[in-house]
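**Student:** First, the structure itself, so that you have it in front of you.
None of the figures in this text is laboratory data; all of them are computed from the coordinates on show. Since the model is a prediction, treat every value here as computed from it, not as a measurement. As a convention, Cβ positions derive from the backbone with ideal geometry for all residues, glycine included, and neighbour counts pool all protein chains shown.
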Amino acid sequence: MKHFNIFIDGQWIGEDLEKIDVINPATSEVVATVPNAGKKEAEHAIASAYRAFSEWSSLSAYERSEYIRQWYDLINEHQDELAKTMTVEQGKPLKEALGEIGYANGFLSWYAEEAKRIYGELIPATSQNKRLFVQKQPVGVVAVITPWNFPAAMITRKVAPALAAGCTVMIKPAEQTPLTAIKLVELAEKAGIPKGVINIVTGNAEKIGDAWLQDERVRKLTFTGSTEVGRLLMQKASKTIKKLSLELGGHAPVIILDDANIEKAVTEVIAAKFRNAGQTCVCANRIYVHDSVYESFLQKFKNKVSELVVGNGLEEGVDIGPLIDKHAVKKVIDQIEDAVGKGAVLETGGKVINDLFIEPTVLSNVEDDMLCMMEETFGPVAPVTRFSSEEEVIKRANNSIFGLAAYIFTESISKGIRISEALDYGIIGLNDGLPSTPQAPFGGFKQSGLGREGGYHGIEEYLEVKYISLGI
Ligand code: ADP
């Protein structure tokens, strides 16, 4: 059994700690172990990141950029191995894992460049004997807490802009998927990134999180995960007024208008719904189809969904891997049963196979009072419902505490823009099922979170604004 250690202050340590199993959800086999670290190691990581901060932040942007670029090159070289590790611990099909490594690495290449564009300003003063300067400085030590659904991208999307800005980090990956994260950090070490700049700790989430949130030296928390945990961390972070970036839950509506290109809508909705077996926070969660195209969309959609292949992500041709664990399966099955119990029609799928696999499922005749229309599903279930007017569908789509992603399908530019503007969502896929990309801002309205990741917006989250008023 392979054991992976944690990395603090340039040292791989934790051999002496209790071990946690990492399980392949496709086979239920234990594939490796990692240390069950707690408060002590978490505090050690803070001290390390804090010490490294002054040197890292005083490097020139060009020097930091070069390190990030080296890391990028190594990830590229090792992409097959990283993707395989990801599939084994997380379950997604290998082709998707490889896609995620490319996407994750896109943040390194983007922010290696963006590091050089942290510009200041010179503001016109009201008198001739003053000059008003604004410059940007790194926030400081950053705590990074990530989920299991994107074991690589959720790390680089945070760590790349943090490093580019001049911050140092401590990472706590999800307990289900620490291996991809550890391998990324091994490559960061190989890239020569100075010791203490990146630290990674696996183990007890609450003990590690609490140690980081209580400490005054940690100036920011960047978190992706559930709204419930986000709310708790926000409360804990309030004691020391930490800066926060929170990427939380979603409940994405899809709106298919009467003039949509149905073939395209089917392809894009499948991509938006079934990627990662439906376990992404931007996954299509509720599909509203205009009365006049409802039947034709449903027929085509259901036929295509029933062709999706379920299986171990390492096997060729698999589209849908296992869900992450039993709780995830239960939540999805509860939603299907609730919907069918209240009158929804099971068009395809609906069954559990071998513990953690769920057949890709389409439900029709869905009503807004069903659980699947109110709660995030995080599984391969597509509920389809009808609407008759633009006004009605906007109201129903906005009726959620979440506001992360929404999708619209129409061939009319003006309708598309009008509805995009009316939706209370941070990301709109207009005739596009996969809008996420490193150079664009990703983030939510309402209880889907705070701040943006990606693009030039993403680096601002790791920068303080300093105003210098010069009397001359
Ligand atoms: P999910 O439902 O996707 O597993 P969670 O919000 O539970 O999402 O987990 C996201 C990340 O937050 C994981 O790394 C998890 O270990 C961490 N986490 C969960 N609870 C806490 C906590 N009380 N303090 C700090 N981190 C936590």
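**Student:** What is the spin-label model distance, in nm, from ILE123 to GLU316 if the labels are put 7 Å beyond Cα along the C-beta direction?
**Tutor:** Reported label-point gap for ILE123 and GLU316 is 6.3 nm.
**Student:** Enter the mean projected area of the convex hull around the alpha-carbon atoms of the range 210-338, in nm², rounded to one decimal. Please list the in-between numbers first.
**Tutor:** Numbers: hull surface 44.8 nm².
Computing the convex hull of the Cα atoms and averaging its projections yields 11.2 nm².
**Student:** If you average the C-alpha positions of the range 9-54 and of the range 94-162 separately, how far apart do those two centres end up, in angstrom?
**Tutor:** Centre-to-centre (Cα) distance: 25 Å.
**Student:** Got a sec? Which residues in the range 31-53 would a label at ASP210 touch, if it sits 7 Å along Cα→Cβ and we count backbone N under 16 Å?
**Tutor:** Answer for the range 31-53: 37-44.
**Student:** Same structure again: Going by average Cβ density within 10 Å per residue, which order do the peptides 25-38, 369-382 take, highest to lowest?
**Tutor:** The most tightly packed comes first, giving 369-382, 25-38.
**Student:** Additional query: Dipole of the range 401-464, Cα-centred, from +1 at each Lys and Arg C-beta and -1 at each Asp and Glu C-beta, to the nearest 20 debye? Don't skip to the answer; put the middle values down first.
**Tutor:** On the way: 4 positive and 8 negative charges, 52 e Å.
Dipole about the Cα centre, nearest 20: 260 debye.
**Student:** I've got another one for you. Got the relative contact order for the chain handy, in percent, Cα pairs under 8 Å and 6 or more residues apart?
**Tutor:** Details: 1113 pairs, mean separation 85.5, N = 472.
About 18 percent, as a whole number.
**Student:** Once you have a ≥ b ≥ c as the square roots of the Cα gyration tensor eigenvalues for the range 306-421, tell me rounded if a/c is under 1.5, and otherwise prolate or oblate according to whether a/b is larger than b/c. Display every interim value, and only then the final one.
**Tutor:** Working: a/c = 2.14, a/b = 1.62, b/c = 1.32.
It is prolate, given that a/c is not under 1.5 and a/b is the larger ratio.
**Student:** A follow-up question, please. Of LYS2/LYS236; LYS84/LYS331; LYS84/LYS351; LYS300/LYS330; LYS92/LYS415, which pairs sit farther than 30 Å apart, going by alpha carbon to alpha carbon?
**Tutor:** Values: LYS2/LYS236 35 Å; LYS84/LYS331 27 Å; LYS84/LYS351 27 Å; LYS300/LYS330 28 Å; LYS92/LYS415 36 Å.
Pairs exceeding 30 Å: LYS2/LYS236; LYS92/LYS415.
**Student:** With a ≥ b ≥ c the root eigenvalues of the C-alpha gyration tensor of the range 166-254, is it rounded (a/c under 1.5), prolate (a/b larger than b/c) or oblate? Write out the running numbers ahead of the final one.
**Tutor:** Numbers: a/c = 1.86, a/b = 1.28, b/c = 1.45.
Judged from the Cα gyration tensor, the range 166-254 comes out oblate (a/c at least 1.5, b/c at or above a/b).
**Student:** Output the peptides 73-81, 4-12 sorted from most to least packed, where packing is the average of other Cβ atoms within 10 Å over each peptide's residues. Let's see the in-between values first.
**Tutor:** Numbers: 73-81: 15.8, 4-12: 19.2.
Packing order, densest peptide first, comes out as 4-12, 73-81.
**Student:** Which trypsin sites (Lys or Arg not before Pro) from the range 247-303 combine a DSSP loop assignment with at most 16 other Cβ atoms within 10 Å? List each step's numbers first, then the result.
**Tutor:** Working: sites: LYS264, LYS273, ARG275, ARG286, LYS300, LYS302; in loops: none.
Within the range 247-303, no trypsin sites (Lys or Arg not before Pro) qualify (loop, at most 16 other Cβ atoms within 10 Å).
**Student:** Let me ask something additional. Please report how far the C-alpha centroid of the range 283-335 lies from that of the range 205-269, rounded to the nearest whole angstrom.
**Tutor:** 23 Å
**Student:** Okay, next question. If you bin every alpha carbon distance in the range 1-149 into 5 Å steps from zero, what whole percent lands in each bin?
**Tutor:** 2, 8, 11, 14, 16, 16, 13, 8, 4, 3, 2, 2, 1, 0, 0
**Student:** Okay, moving on. Residue separation times 0.36 nm, minus the C-alpha to C-alpha distance between ILE401 and LYS195: what's the value?
**Tutor:** Values: separation 206, 0.36 × 206 = 74.16 nm, distance 4.17 nm.
Taking 0.36 nm per residue and subtracting the Cα distance, the gain is 70.0 nm.
**Student:** Starting from the Cα of SER28, step 7 Å along the direction of its Cβ; do the same at HIS3; then give the gap between the two resulting points in nm.
**Tutor:** It works out to 2.6 nm between the two label points.
**Student:** What is the mean projected area of the alpha carbon convex hull for the range 357-435, to one decimal in square nanometres? Please list the in-between numbers first.
**Tutor:** Working: hull surface 23.6 nm².
Computing the convex hull of the Cα atoms and averaging its projections yields 5.9 nm².
**Student:** Under a crude label model (7 Å from the Cα following the beta-carbon direction), how far is ILE417 from LEU59 in nanometres?
**Tutor:** For ILE417 paired with LEU59, the spin-label model returns 4.3 nm.
**Student:** Suppose R0 equals 51 Å. What FRET efficiency, 1/(1 + (r/R0)^6) with r the Cβ-Cβ distance, do GLU337 and ILE241 give to the nearest 0.05?
**Tutor:** On the way: r = 45 Å, r/R0 = 0.87.
For GLU337 and ILE241, the calculated efficiency is 0.70.
**Student:** With a/c under 1.5 counting as rounded, go ahead and sort the chain into rounded, prolate or oblate using the C-alpha gyration tensor (a ≥ b ≥ c being the square roots of the eigenvalues; past the cut-off, prolate if a/b is larger than b/c, else oblate).
**Tutor:** On the way: a/c = 2.05, a/b = 1.35, b/c = 1.53.
Oblate, because a/c is 1.5 or more while a/b does not exceed b/c.
**Student:** What angle, in degrees between 0 and 90 and rounded to the nearest 10, separates the Cα long axis of helix 94-114 from the longest principal axis of the Cα atoms of the chain?
**Tutor:** 40 degrees
**Student:** Still on this structure, please answer the following. Lys and Arg at +1, Asp and Glu at -1: add these up for the other residues within a Cβ distance under 14 Å of ILE198 and post the number.
**Tutor:** On the way: positive: ARG51, ARG64, LYS158, LYS172, LYS183, LYS190, LYS195; negative: ASP9, GLU55, GLU186, GLU189.
Its environment carries a net charge of +3.
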